[in-house]
Amino acid sequence: MRLLPAPSAQSLRLLFLFIFVMGVAPSPALTAGCPDRCVCDDQLVVQCAGQELTLFPNDLPLATRQLIISNNRIGELPALQLNYLSDLVYLDVSNNTLMEISESTFGNLRKLAYLDLSFNTLTQIEDRTFGPLSSLVMLRLTDNPGLSEIHPDAFSENMALQVLDVSRNNLTTLNISSLIALPSLRSMGLSGNPWRCDCETEDLCLWVQIEGFKFQDEGQTVCQGPPELSGQRLAEVGMQLRADCHQGLGYWDYLFFIAIGFVIFSAGTVSAWVMGVLMVLYERYNKRKGEDMDISYGNWVRTITQHPSHQGEQVIHRSRQTLPLLCLPPLSLLSTSNSLAQSIHMRAVCV
């Protein structure tokens, strides 16, 4: 039997080197090229800040954990490219020109814990915008001068959210129905907004007074309107709004209810009078109709007694159009006027 030649030492070294490289080399997703004008390190951090980018960077490593694209001119976050980064936990998009974000923007970023959208041009936050971000812990939405509306359910699904900052925007009111239900929320920034302290913000003003909850810059969280409350802290006007928005009935309120009661009573009286008049007219109409029927019946009887017996059937035929059908005995029995009168008294309604 012929034996194969033993491998040389150099061949063995090359084989071992190949196995070692294949064993420790990362997957293609990890070794994807770094985008232009960005810096990538071995900790899966991609740094693209301050590069005057106008578009979201391409060719990002799919295993990126931190992405910093702040201080650029990026106007849109493409959902398709961003959602490829399913391992992303830190995203800083501050100081750009973002105008709109939606639920689809963050559809696949379930591991994202930190999101910074401050210093952009956002105008509103829609329903469930951050719904897919089930691991979100900190959200910064500060310094968006046009941001005037946040949907009540924008944060309703972010159960892990601990810090929310909406300072220095253009908010005049904020529905806190979903915020008070977040079990992990511990800190919130509200300062620098033109809050209008009226009945719509009553719950917000009372919420600020809760002990054990940290409001950032509480001293600068003040009312801008109405004029009598301008400059006062939200925490100071909560109880006053509660009293003003839930006060008891006054003199004018009672007067209003009396007027409403009088109008209802008058309308009922007039309606009853009209119904009474209509019923009287209806009864008179029925009575007159009955008298006309009696007169017609008397005329019919006189006609029968005055005509010969062989013409009785014709008279009855003509009378059916105006009188009820009557059943009479055979004409042969109507030989005399007395028998005719007796038969008429025996009339019955015919079907």
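The values are calculated or read from the model by the stated rules, or taken from the named source; none is laboratory data. Quick caveat, the model's predicted, so the values are computed rather than measured. Here the Cβ is made from the backbone with ideal geometry for all residues, glycine too, and neighbour counts use every protein chain on show.
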Residues of region 191-215 being more than 19 Å from Arg242 (Cβ to Cβ) and touching a residue at least 12 places away in the same chain (Cβ under 8 Å), in sequence order, are Ser191, Gly192, Asn193, Pro194, Lys214
Report yes if some residue within region 123-141 is assigned to a strand (DSSP E or B), in contact with a Gly (Cβ under 9 Å, 6 or more places away or on another chain) and in the same structural domain as Val166 (by TED's automatic domain parsing); otherwise report no. yes
Reported set for region 143-166 where residues are farther than 12 Å from Tyr114 by Cβ and surrounded by fewer than 20 Cβ atoms within 10 Å (Cβ to Cβ) is Asp143, Pro145, Gly146, Ser148, Glu149, His151, Pro152, Asp153, Ser156, Glu157, Met159
Residue, modelled with the highest pLDDT, within region 177-197, restricted to residues that are in a loop (DSSP other than H, G, I, E, B) and surrounded by fewer than 17 Cβ atoms within 10 Å (Cβ to Cβ): Pro194
Tell me which residues, restricted to region 102-121, are in a loop (DSSP other than H, G, I, E, B) and crowded, with 21+ Cβ neighbours inside 10 Å. Leu109, Leu112, Leu117, Ser118, Asn120
Give the residues of region 147-176 that are hydrophobic (A, V, I, L, M, F, W, C) and part of a loop (DSSP other than H, G, I, E, B), sorted by residue number. Leu147, Ala154, Phe155, Met159, Ala160, Leu161, Val166, Leu171, Leu174, Ile176
Being in a helix (DSSP H, G or I) and in contact (Cβ under 8 Å) with a residue 12 or more places away in the chain is the filter; apply it to region 216-231 and report the residue that is surrounded by the most Cβ atoms within 10 Å (Cβ to Cβ). Leu229
In region 198-212, the residues that are surrounded by fewer than 18 Cβ atoms within 10 Å (Cβ to Cβ) and part of a loop (DSSP other than H, G, I, E, B): Gln209, Ile210, Glu211, Gly212
For region 245-254, state whether one or more residues are part of a helix (DSSP H, G or I) and modelled with pLDDT of 80 or more. yes
